[in-house]
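The values are calculated or read from the model by the stated rules, or taken from the named source; none is laboratory data. The structure displayed is predicted, hence computed values, not measured ones. In this analysis, Cβ positions are derived from the backbone assuming ideal geometry, glycine residues included, and neighbour counts consider all displayed protein chains. What goes into the accessible areas is simple: the full protein's heavy atoms, side chains included, and nothing from ligands, DNA or RNA. Shrake-Rupley method; radii C 1.70, N 1.55, O 1.52, S 1.80 Å.
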Amino acid sequence: MQTSLFAQTEFAKAMQDGQHVLLMRHADAPGFGDPQGYQLSQCSTQRNLGERGKKQAKATGDWLTKQGITKAQVYSSPWCRCFDTASLLNKGEVKKEAALGSFFDDMSQAQKQTEALMKLIQLERIQHPKAPIIMVTHHVNIESFTGQVLNSGDMILVKVDSSGRALSHTRYPSP
């Protein structure tokens, strides 16, 4: 883990205390939902980041660096707008995780997806107890997990228990 002059910010301390994860809603992607017939394996069939979203994701990565987070375990929903957001943060290799995938098209999957997210958080907190963990996902996932609705590009630092359940949170607007 690299440290910097900023490594002692409260944000950085929380990110490295083994009890927090940072969830981020993907950056600005014009439109609403995905086009009918979209395919996860083909970005051209999905709603993607616009220029504003790309700049927003890069600015968030810069903000994280200023907070003392220069490297992290980074996870993304399989959707291209999430993966691109996560990549543009420039905090390390991005791993796609089905547990972060949107259930917007089938809201009956909310409980199942939220339980999968909690399990993912639980496992990652065990495997990487002191590493910052960033998870880029969708508004429905964040709302189901935390009860909070975030705007595109916004973040929520979530304190979790040993089972991956959300205990408390602090919201951070997109820089």
Mean residue ellipticity (222 nm) of the chain, computed from DSSP H runs ≥ 4 via -39,500 (n - 2.57), nearest 500: -10000 deg cm²/dmol
Taking the Cα of Ser168, stepping 7 Å toward and past its beta carbon, and measuring to each backbone N in segment 89-131: which are under 15 Å? none
Quick one: pull the percent of accessible area on the chain belonging to carbon and sulfur, 1.4 Å probe, ligands and nucleic acids left out. 50
For the residue pair Lys13 and Ala110, what label-to-label distance in nm results when each label sits 7 Å from Cα along the Cα-to-beta-carbon direction? 3.6
Segment 8-81: C-alpha gyration tensor shape, a/c 1.5 cut-off, then a/b vs b/c: prolate
Per the beta carbon screen (other Cys under 4.7 Å), unpartnered cysteines of the chain come out as Cys82
What net charge do the residues around Ala166 carry, taking every other residue with its C-beta under 14 Å from that of Ala166, with Lys and Arg at +1 and Asp and Glu at -1? +2
Tally Lys and Arg at +1 and Asp and Glu at -1 over the other residues with C-beta under 14 Å from the C-beta of Glu51: what net charge comes out? +3
Order by protection proxy (mean Cβ within 10 Å, highest first), peptides 49-60, 103-114: 49-60, 103-114
